[in-house]
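Working notes, beginning with the structure itself.
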Amino acid sequence: MDDSSTSEKRPQFGNRILENVDEVFKHNAWDNVQWDEDQEKAAKEKVELNSKVTFSEDRLKDLDVNADKHWDAFYDIHQNRFFKDRHWLFTEFPELAPDYTAAPQRVYANDNDNKISEIDKPAVPNTDSKRLIFEIGCGVGNTIFPILQYSTDPNLFIYGCDFSSKAIEIMQQNELYDTKRCNVFVLDATSKEWEVPFEENTLDIIVLIFVLSAIDPSKMQIVINNIYKYLKPGGLVVFRDYGQYDLAQLRFKKGRCISDNFYARGDNTKVYFFTQEEVAKLFKDAGFLEEQNLIDRRLQVNRGKMLTMYRVWIQGKYRKPL
């Protein structure tokens with residue numbers, strides 16, 4: 001996602017704009033790419049073509065009942081070679097940056113009635129108290145390890161969970177895993193009651209990055225409601241996931257659709273593609289205040305093969321009221 005082939009730090013979301021199409025292969029990625037009507041129409045038509053549901057009831061049941069086994073198989077194949085550490089998170093979400101500090105300030109957000117309200121954004125962290133981060137769907141540690149590597153904050157402690165016991169096993173075997181600074185465990189985040197090693201109203205930040213899309217849409221609200229329960233008042237959720245018409249959605253063939261915008265990959269893992277409105281509703285229905293909801297239309301470039309690939313991601317920040 002970031003331009004790792006250069007030494008320069010990628011500008012924050014929205015700042016690398018392609019103004020001259022002749023320069024498209026100058027960088028590995030361009031931000032905030034505008035689609036014309038023809039491109040939008042073509043994407044919509046492609047989704048309509050691949051949206052016919054052909055799975056049998058037994059097949060759909062297998063995808064759901066054996067979801068943990070499918071993810072275990074995924075991590076068993078890829079181990080930790082499939083993923084790159086998400087250093088870009090520090091740019092898009094500075095709240096996750098090592099030893100992040102911020103002075104208290106007034107921010108404005110929409111409440112559940114879409115009225116503008118004024119809330120306090122607390123200083124993060126307070127050097128005299130623990131700073132707790134929890135990542136849902138931590139995989140093999142590609143978000144947690146970069147934070148731990150660069151942070152010197154003695155009060156920072158990170159929790160992580162994943163649906164896959166294989167992913168947790170791989171992460172715990174990593175030489176960077178330090179039980180004095182982090183604790184990862186297996187959790188089905190769609191369970192109505194979570195069994196977790198922390199209390200309600202205690203977490204400063206919850207990370208939800210390309211995870212909610214793997215969950216059946218009918219169970220997503222359960223996850224968001226539990227997130228609200230365990231965040232402390234004033235706590236923050238950072239969110240990023242697949243948007244409707246992303247390249248990954250357009251590449252699906254007929255016969256892989258489970259329901260509208262929800263698909264089964266060839267390895268039997270599942271993926272959903274969101275609209276901004278759906279994301280906003282999930283969080284606001286749980287009681288969150290919206291601080292950010294962006295659609296990131298990114299043009300990724302393979303300069304070796306001279307290919308262009310259009311990605312669509314939804315990025316958001318949601319805060320629990322004080």
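What follows is calculated from the coordinates using simple rules that are stated; it is not laboratory data. What you are looking at is a predicted structure, and each value in this text was computed from that prediction instead of being measured. Here the Cβ is made from the backbone with ideal geometry for all residues, glycine too, and neighbour counts use every protein chain on show.
Some observations on this one:
- Gyration tensor verdict on region 152-195 (Cα atoms; rounded if a/c is under 1.5, prolate if a/b is larger than b/c, oblate otherwise): oblate
- Gain on full stretching of the segment that runs from Ser165 to Ser129 - 0.36 nm per residue minus C-alpha separation: 9.8 nm
- Ordering Asn268, Ala280, Val223 by the projection of their Cα atoms onto the charge dipole of region 221-322, which places +1 on the Cβ of Lys and Arg and -1 on the Cβ of Asp and Glu, puts Asn268 at the extreme positive end.
- Both radii were evaluated on the Cα set of region 152-288; the Rg over Rh quotient, with Rh as the Kirkwood radius, amounts to 0.99.
- Among Tyr310, Tyr230, Tyr318, a tally of other beta-carbon atoms within 10 Å of each Cβ gives an order, fewest to most, of Tyr310, Tyr230, Tyr318.
- For region 224-321, the relative contact order is 40 percent, taking Cα pairs closer than 8 Å that sit 6 or more residues apart in sequence and dividing their mean separation by the residue count.
- In a fully extended conformation the segment linking Asn155 and Lys253 would gain 30.5 nm over its present Cα-Cα distance, using 0.36 nm per residue.
- Subset of Lys180/Lys317; Lys44/Lys317; Lys192/Lys270; Lys166/Lys284 violating a 23 Å alpha-carbon distance limit: Lys180/Lys317; Lys44/Lys317; Lys166/Lys284
- Extended-chain gain in nm, criterion 0.36 nm per residue less alpha-carbon gap, Lys281 and Asp68: 73.9 nm
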